[in-house]
Structure formats: structure tokens, C-alpha cells
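To start, the structure under review is shown below, and the notes come after it.
The values are calculated or read from the model by the stated rules, or taken from the named source; none is laboratory data. Source: prediction; values computed, not measured. For neighbour counting, all protein chains shown are included, and Cβ atoms are generated from backbone atoms with ideal geometry for every residue, glycine included. In case anyone asks, the SASA skips ligands and DNA or RNA and just uses the protein heavy atoms, side chains included. Shrake-Rupley method; radii C 1.70, N 1.55, O 1.52, S 1.80 Å.
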Amino acid sequence: MTGVTAQERTELLGLTQDEVCDFMVALDEKPYRARQLYDSIYRRRITSFDAMTDLPKTLRRILAERAVVTRTRIQSVFLSLDGTRRFLLGLCDGVEAESVFMPEERRDTICISSQVGCPLACSFCMTGVMGLKRNMTAGEIVSQVVIVLNKVYGEGVEVPHRTNIVMMGMGEPLLNYDQVIKAVRLMVDQKGLAIAPRGVTLSTAGIVPRIYDLGREEIRPRLAISLTAPNDELRNELFPINRKYALAELMEACRRYPLGDRERLTFEYVMLDGVNDSDQQARELVRLLSGIRAKVNLIPHNPAPELPYASSPMDRILTFQRILTEGGLPSFIRRPRGQDISAACGQLAARHQATA
């Protein structure tokens, strides 16, 4: 087949093993060639057909004519003083998404996006200010992991330690359910990217029906709930979605969510000065999460000029944490990463400069 335009070429990143096999069979290739191709794309993270030297030159030429590994490209990389990197990525239709790479001594964490923008309009989050432009495909979601690791370590180079994935970038993952689940399966495939299933965390603002769907998946990520308020009155102001799925309904879904023996549900609580950080609200939070095997991440609010909030002072956060601990609720204060490059939690807005 000749005359295939660039737009008509099949994008391979995002295809399952069976789908790669079907593609290769259509080219009259043997199934073992499909296994080699899948291995090159996912386990070895090779994005150039020329570099797939275990494939015959003729096949590599045909693949270059008919397919592309990924159309996602790096537009810019911003480096924080703390080592965090924010990746501004261009997708096939010209829209932009973001990923964040956070290195640590024994593991790396990549925060990835599932939508371009976000429809939920949470009042303390910059991505909500953007609105929703579109959902991302499974291939675009997975491409963030491949591209970031290749930029940091080199294409095809084995990473030196564990990689964790947090689906806490742009978008509400459970509003792009099918593509997100396909991406999760691809990421944890031990013949491919081989991310440990316990190393993938999905954060939701509380799309209750999809939480039940997620609980029925055979392969599923760890679940985190973006909570940030202990009662409906306040949460309705911060999360418009709470008017559709109120806290009682959300908490019931959390109680029914299947957990491993040592697993806890994570509840994320952004600390907003004078809004949700009082002693009374801490006690309300303890009561709200009673009966749930839970832990709470207290997240100092990351400011942006467009947002009308400030972070709670650290002494207030520590007092809030102490009340949770005394109430038997494990809690942790998350250290902000990449705040100086607009890469911290709630700051992602596809900015073309380091800071707002």
C-alpha cells in the first residue's frame, strides 16, 4: 500500500498486544514479529523504527510508511530548583497537555494527564479555569510515561529504580474512563512498561458511578479522592460536581471500594487559609471518614494569580494534622514540588513560561 498520508498512519503506542498482532497480520507478518514490535515500543521505549534493529530493514521501511509510534512531542521542559520537571507536550491536533516528573532517591514519580483541560471547574485549581478541550486517548496517556522517561534517561535505557504513576495531572480520569483503563492496563503489562499495579494511583473528584465500575476491574490502580472539604455546604462551593454526587453518596462508594490487605484509600485535602482549615473542620473530617480504611494527604495550596485562595500557614496545618491523628486518622503533609515552575498540584494550565 502506497500513498498513506502522515495523518493516516496507524499510531502504535496505545495498542494492546492483540491489536499490534492484528496490525502486523494485516501486513502479512508472522505473530512473532508483532511480539518484537510490542517489546520495542513498550518495554524498550523505542519510538524510531530505524532503531528497532531486531526487525528486518524491509519491515522497518514498511512500518515507517504505514505507522508512527507516537505523535506526542515535547514542546518545552521547565526545571524546578527542587529537581522537578514540567513537560509541556504537543498532541497530534495541536492542543497541549502537561506531565510532571518528580525524582527521588529510590523512585521517580510521573504525574500524568488524562484530559486536555478539565470540565469540573473546581474553584482552587488552575486546570479547571481552562475548561475541557478534549479527552486524551490511551496512547496519549501512555505516551507521557514513555516520553518523560526517554527524556530523563534516554530512549531504550533501563530506568535505575521504580517508577510510580499518579493520574493527578490535567483532567478528571473517571470522565475518560475507557481510555484511562486501557492506559492503566498497558502501563502495568509486565511484558511492556511493567509498572507495578500498586505504583499507579488515580485521583478523582468523586464520579461515584465510575468508582463502583473501577472497583469491579480486575486490574485497577490505587484510588485517591480529592476531598478538600468535610461537609456538603463547603464542598459545593469548591467542587461543583458535589452537587451531583454529594458526600454521603461518595463516602458510601468509598466504603464499598475493594482494598488489599494493607491498602488504604487516600483522601487529598488541599489546605486553604481560613476556608477549610479550622479545628472544627478537622473534627468533621475525622467523623466523615469514620469506618473507612483511610489516610489523608494534607496539601498546602499552590497559589496562582487567577485563584482567590492562599495556603494555610504551616502551624495551622500542623494543628489540623494533630487533630486528625488524635482522632485515629493517619495523615501526612505533602511537600510541594515544582511550585516555582507552575508544576505543583492544582497549577497545571499549559503555561508557556516557567511561572504565572
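Out of everything in the stretch 99-108 that is more than 10 Å from the chain's Cα centre (by Cα) and assigned to a strand (DSSP E or B), what residue ends up being farthest from ARG73 (Cα to Cα)?
ARG107
Going residue by residue through the stretch 85-106, is there one that turns out to be farther than 15 Å from SER143 by Cβ, out of contact with any Pro (no Cβ under 9 Å at 6 or more places or on another chain), of a type in the set (Ser, Thr, Tyr) and open to solvent by less than 50 Å² (accessible area, probe 1.4 Å)?
Checked against the condition, which is being farther than 15 Å from SER143 by Cβ, out of contact with any Pro (no Cβ under 9 Å at 6 or more places or on another chain), of a type in the set (Ser, Thr, Tyr) and open to solvent by less than 50 Å² (accessible area, probe 1.4 Å), the stretch 85-106 yields no hits at all.
Restricting attention to the stretch 34-66, which residues are crowded, with 20+ Cβ neighbours inside 10 Å and either at pLDDT below 95 or of a type outside the set (Gly, Ala, Ser) (or both)?
Of everything in the stretch 34-66, those that are crowded, with 20+ Cβ neighbours inside 10 Å and either at pLDDT below 95 or of a type outside the set (Gly, Ala, Ser) (or both) turn out to be LEU37, TYR38, ILE41, TYR42, ARG45, ILE46, THR47, PHE49, MET52, LEU63.
Determine whether the stretch 174-185 contains at least one residue that is assigned to a loop (DSSP other than H, G, I, E, B), in contact (Cβ under 8 Å) with a residue 12 or more places away in the chain and more than 13 Å from the chain's Cα centre (by Cα).
No, the stretch 174-185 has no match at all.
Checking ILE110 against (1) under 27 Å from GLY199 (Cα atoms); (2) without any contact (Cβ under 8 Å) to a residue 40 or more places away in the chain, which single condition isn't satisfied?
Against the list (1) under 27 Å from GLY199 (Cα atoms); (2) without any contact (Cβ under 8 Å) to a residue 40 or more places away in the chain, ILE110 comes up short only on (2).
Any residue at all in the stretch 278-287 that's open to solvent by 10 Å² or more (accessible area, probe 1.4 Å), part of a loop (DSSP other than H, G, I, E, B) and at pLDDT 95 or above?
yes
Report whether or not ARG316 is surrounded by fewer than 19 Cβ atoms within 10 Å (Cβ to Cβ), touching a residue at least 12 places away in the same chain (Cβ under 8 Å) and not in a loop (DSSP other than H, G, I, E, B).
yes
Condition first: of a type in the set (A, V, I, L, M, F, W, C), buried (at least 20 other Cβ atoms within 10 Å of the Cβ), under 19 Å from LEU288 (Cβ atoms) and in contact (Cβ under 8 Å) with a residue 40 or more places away in the chain. Now tell me which residues in the stretch 199-221 satisfy that.
ALA205, ILE211
With the structure loaded, tell me whether GLY139 is closer than 24 Å to ARG9 by Cα, crowded, with 22+ Cβ neighbours inside 10 Å, modelled with pLDDT of 95 or more and in contact with a strand residue (DSSP E or B) (Cβ under 6 Å, 6 or more places away or on another chain) or whether it fails that test. Write out each step before concluding.
Working: closer than 24 Å to ARG9 by Cα: yes; crowded, with 22+ Cβ neighbours inside 10 Å: yes; modelled with pLDDT of 95 or more: yes; in contact with a strand residue (DSSP E or B) (Cβ under 6 Å, 6 or more places away or on another chain): yes.
Judged against the criteria, GLY139 is a match.
Which condition number in (1) of a type outside the set (D, E, K, R); (2) under 15 Å from VAL166 (Cα atoms); (3) touching a residue at least 40 places away in the same chain (Cβ under 8 Å) is the one that ALA196 fails?
(3)
Counting just the residues of the stretch 198-247 that are polar (S, T, N, Q) and assigned to a strand (DSSP E or B), which one comes out farthest from SER278 (Cα to Cα)?
Here the answer is THR201.
Just name the residue that is farthest from GLY83 (Cα to Cα) out of those in the stretch 298-338 that are at pLDDT 90 or above and polar (S, T, N, Q).
Looking at the filtered set, the residue picked out is THR325.
Is it true that some residue in the stretch 222-229 is open to solvent by 10 Å² or more (accessible area, probe 1.4 Å) and more than 19 Å from ILE292 (Cα to Cα)?
Taking the stretch 222-229 and keeping what is open to solvent by 10 Å² or more (accessible area, probe 1.4 Å), we get 222, 226.
Within this subset, residues satisfying the condition of being more than 19 Å from ILE292 (Cα to Cα) are none.
No, the conditions are met nowhere in the stretch 222-229.
Out of the residues in the stretch 248-274 that are part of a loop (DSSP other than H, G, I, E, B) and open to solvent by less than 40 Å² (accessible area, probe 1.4 Å), which is farthest from PHE320 (Cα to Cα)?
Looking at residues that are part of a loop (DSSP other than H, G, I, E, B) and open to solvent by less than 40 Å² (accessible area, probe 1.4 Å), I get GLY260.
Being assigned to a loop (DSSP other than H, G, I, E, B) and modelled with pLDDT of 95 or more is the filter; apply it to the stretch 67-83 and report the residue that is most open to solvent (accessible area, probe 1.4 Å).
So, considering only residues that are assigned to a loop (DSSP other than H, G, I, E, B) and modelled with pLDDT of 95 or more, the one most open to solvent (accessible area, probe 1.4 Å) is ARG71.
Tell me yes or no: at least one residue of the stretch 152-171 is of a type outside the set (D, E, K, R), at pLDDT 95 or above, farther than 30 Å from THR53 by Cβ and surrounded by fewer than 23 Cβ atoms within 10 Å (Cβ to Cβ).
Checked the stretch 152-171: at least one residue is of a type outside the set (D, E, K, R), at pLDDT 95 or above, farther than 30 Å from THR53 by Cβ and surrounded by fewer than 23 Cβ atoms within 10 Å (Cβ to Cβ).
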